[in-house]
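One structure below.
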Amino acid sequence: MLVEASERALCHLKSDSVLLTGGVANNKRLQEMCSKMAGENSAAFSVPKGYCGDNGVMIAWTGLVMHKNGWKQKIEDTAIDQNFRTDKVKINWAKKGKAQHTTNGQWKGAEAEVIRVEAGVDKRRIRKEYRIQELDDAIRKSRTSREPKLLKKAKEAGVNVPRVLSVDKENYLMRMEFIDGRTLSELIESNKDKNIGRPIGEYVAKLHIANIIHGDLTTSNMLHSDGHIFFIDFGLGFVSPKAEDKATDLLLLKKAFNANHSSISEELWASFLEGYTTKETQATLQTLKKAETRGRYL
Ligand SMILES: Nc1ncnc2c1ncn2[C@@H]1O[C@H](COP(=O)(O)OP(=O)(O)O)[C@@H](O)[C@H]1O
Ligand SMILES: [Mg+2]
C-alpha cells in the first residue's frame, strides 16, 4: 500500500527520485520493494544512513526550506504545535519533472501502460516486481474487471468518460476510446485557470450522487478535450453510499491540488466547492469538515 501510494505520487508529480526516511525506513523488505518500484519507474532511489530514526532533523530542515520559500513567522508564533501535520505544509518548492507521454502515442501511468492503437487505446496493467506475484496477478485482474464497470456506471451518471471497447482480463487489458487531449494537470499548469475547479466539482458531485467513489481523484486522471473534461482511471474505484468514502475522495483531490497546483490551490478548491455543493452532497461536505478539523484521515 505504502509503495503503491508512493508510486502514484511519483507519477502524479513526475518526480525522478524516491527517498525513504524515518524509522520504518530500516525495514529491509520495504527498502527492497521501494528500490524495485523506483527502478521500474526509472527513478533514483536512496535510503540516507542516519536519517532512518528520529524525525527532528527532518522537521528542522523542512522549516528551513519553508522559510526560504516565503513562509515567514514571528518568533512568538513558532511554539510547538502538536496538531501540525506534515500534510498541512504547503509545498511550493517542488520541482516538476517532464510529462511522461511520448509523441508516438504511448503513456505510462502509475500502474499501466497506455498505447494508441487503430481502434482507440489499449490500457495494460503491467507486472509490479515489488509485489508477490500471486497478489500482483489478483490485483491486476480485479482492477481490470472493475474499471470498465465503473466507467459504464459513470457514463450513465452523466460524466464524460472514454467508451470501453473490449476487456481481456487474462491479459490485464482494456481497450477504450481515445480521448484526444491532454491531462488537466498539464492544462492547469499552463493556463493557471482557477475557475476550472467548478466543472470538476459538478462532475465529482454527479459521481458521488450515483455512489461512485473514484479512488484516485487527481488532475492527472482527468483529460481535457475540445472544451470537455473526461474522467479516466477508475481502477481504484468502488461503489459506496457512505459519506466517509466520498469525503476521502475529496480529501485526496484537495491534496492533489495542493501538491500539483500549489500557486492556485486555494482558488481551485474554492471553485471546486462551488460546483460540488448541492443538497445531495451536504452530508459529504460535513463529513469532510469534521475530518479536517480532526486533522486525520477518515
Ligand atoms: N482513453 C484515453 N485517451 C487518451 N489518453 C489516455 C486514455 N486513457 C489514458 N490515457 C493516458 O494514459 C495515462 C495513464 O492512464 P491511466 O488510466 O491514468 O493509467 P494509470 O492507472 O497507470 O494511472 C493518462 O494520464 C493519459 O495521459
Ligand atoms: Mg492514472
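Details
- When every Cα-Cα distance of the chain is counted in 5 angstrom steps from zero, the calculated P(r) takes the values 1, 5, 10, 14, 17, 18, 15, 11, 6, 3, 1, 0, 0 percent.
- Inter-site label distance for I126 and N191 at 7 Å from Cα along Cβ, in nm: 3.1 nm
- Lys/Arg +1, Asp/Glu -1 at C-beta; the chain dipole; positive extreme among W269, G53, A291: G53
- Ligands, DNA and RNA left out, the 1.4 Å accessible surface of the chain is 54% carbon and sulfur atoms.
- The GluC sites (Glu not before Pro) of region 168-212 meeting both criteria, a DSSP state outside H, G, I, E and B (loop) and at most 15 other C-beta atoms within 10 angstrom of the site's C-beta, are E177.
- Ranked from largest to smallest solvent-accessible area, with a 1.4 Å probe on the protein heavy atoms, D216, D245 come out as D245, D216.
- Per residue, the convex hull spanned by the Cα atoms of region 1-152 amounts to 166 cubic angstrom.
- Computed accessible area, L285, all protein chains, 1.4 angstrom probe, square angstrom: 30 Å²
- Accessible area, probe 1.4 Å, largest first, for residues T284, T293, T21: T293, T21, T284
- Mean accessible surface per residue for the chain, computed with a 1.4 Å probe while every protein chain stays in place, in Å²: 56 Å²
- Stokes-Einstein diffusion coefficient of region 186-298, Kirkwood radius over Cα pairs, 4 °C, 1.567 mPa s, in µm²/s: 92 µm²/s
- For the chain, relative contact order (Cα pairs under 8 Å, six or more residues apart, normalised by length) works out to 16 percent.
- Inter-part distance where region 32-52 and region 125-154 are each reduced to a Cα centre, Å: 24 Å
- Sparse-neighbourhood loop sites, trypsin sites (Lys or Arg not before Pro) in region 201-298 - DSSP loop, at most 14 other Cβ within 10 angstrom: K242, R296
- Heavy-atom accessible area order for I80, I209, largest first, 1.4 Å probe: I80, I209
- For region 18-85: Kirkwood Rh in Å [reciprocal of mean 1/r, alpha carbons]: 14.2 Å
- Projected-area mean, region 133-220, by convex hull of Cα positions, square nanometres: 6.9 nm²
- Relative contact order %, region 144-259, counting alpha carbon pairs below 8 Å whose residues are six or more apart: 31 percent
The values are calculated or read from the model by the stated rules, or taken from the named source; none is laboratory data. Keep in mind it's a predicted model, so treat the numbers as computed, not measured. Every residue, glycine as well, gets a Cβ built from its backbone with ideal geometry; the counts of neighbours run over all protein chains shown. SASA here: full protein model, heavy atoms, side chains in, ligands and nucleic acids out. Shrake-Rupley method; radii C 1.70, N 1.55, O 1.52, S 1.80 Å.
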